[in-house]
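The values are calculated or read from the model by the stated rules, or taken from the named source; none is laboratory data. Being a predicted model, the structure only gives us computed values, none of them experimental. No Cβ is skipped: glycine too gets one built from the backbone with ideal geometry, and neighbour counts run over all protein chains shown. These accessible areas exclude ligands, DNA and RNA; they are computed on the full protein's heavy atoms, side chains included. Shrake-Rupley method; radii C 1.70, N 1.55, O 1.52, S 1.80 Å.
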Amino acid sequence: MAATGPIGHDDIDALVMRLRLGTEASELHGSLCGYLAGGARPQGGDVLAALQLDGEATDPTDEDLALLQRLTRQCERELADSELGFEPLLPDDDRPLLERAEAVVDWCRGFLGGFGLAGTAAHASLSEEAQEILRDFGTIAASSFDFNNEDEDEDALIEVQEFVRVGALLLHAECNRHDPASSGSVH
């Protein structure tokens, strides 16, 4: 992993394995994005404490903590990007369809958990559209997939991923309106 390049799914997966976090890489990214979209910021930069994640085997090294801080900054930038460049970190498109679909489920589950951990201050005044997105994320998070036609299923997964991407951006924009550091908006 390049110390200056964007952090990818494989980087997070390696971190999750090293720290034995008991979660999937997509779920960790979703949790962090939900936490940030909900208007919260990790106190003292401690992402694992903010997301209530503890490793089973080992304490994070300085390198692990630096990676988590870089990931937080990356998520903050991407969620606030006026060009709407945010993407949920999911397995690459060359991975099996079922693996990618399960990662979307994990990401949504994580997002909802992180959003809930962010607190209720900004959530009390969510628009009906934002509330509906959260309900839809809940439906996705509770889904299991049955694939019949690979081309149609691939297209459906792409549509779900795009919905999740745009939904996360909208929720971030609504919950971070009051924050002058968040300059991005979704129209």
- Residues (acidic (Asp, Glu) and either farther than 11 Å from Trp107 by Cβ or part of a loop (DSSP other than H, G, I, E, B) (or both)) located in the range 13-31: Asp13, Glu24
- Message: Looking at the range 1-22, I want the residues that are open to solvent by 40 Å² or more (accessible area, probe 1.4 Å) and have a partner that is at pLDDT 90 or above with Cβ atoms under 6 Å, at least 6 apart or on another chain. Which pairs are those?
- Response: Met1/Asp11; Asp13/Ala25
- Those residues that are outside any loop (DSSP other than H, G, I, E, B), more than 16 Å from Arg109 (Cα to Cα) and open to solvent by less than 80 Å² (accessible area, probe 1.4 Å), I need them from the range 138-156; list them, please. Asp153, Glu154, Ala156
- Message: Restricting to the range 32-49, give me the number of residues that are outside any loop (DSSP other than H, G, I, E, B) and open to solvent by 20 Å² or more (accessible area, probe 1.4 Å).
- Response: 5
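Any idea which of Ala118, Ala130, Ala156 is under 25 Å from Val16 (Cα atoms), of a type in the set (A, V, I, L, M) and out of contact with any Pro (no Cβ under 9 Å at 6 or more places or on another chain)?
Ala118
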- Message: Suppose we filter the range 124-135 for residues that are touching a Gly at 6+ places or on another chain (Cβ under 7 Å) and either among the polar types (S, T, N, Q) or open to solvent by 20 Å² or more (accessible area, probe 1.4 Å) (or both); how many remain?
- Response: 0
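In the range 59-83, which residues are outside any helix (DSSP H, G or I) and open to solvent by 60 Å² or more (accessible area, probe 1.4 Å)?
Asp59, Thr61, Ser82, Glu83
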- When only residues in the range 157-187 that are open to solvent by 50 Å² or more (accessible area, probe 1.4 Å) and hydrophobic (A, V, I, L, M, F, W, C) count, which is modelled with the lowest pLDDT? Ala181
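Sort out which residues of the range 109-123 are at pLDDT below 90 and open to solvent by 70 Å² or more (accessible area, probe 1.4 Å), and write them in order of number. Write out each step before concluding.
First, pick out the residues of the range 109-123 that are at pLDDT below 90: 119-123.
Hits for the range 109-123 are Thr120, Ala121.
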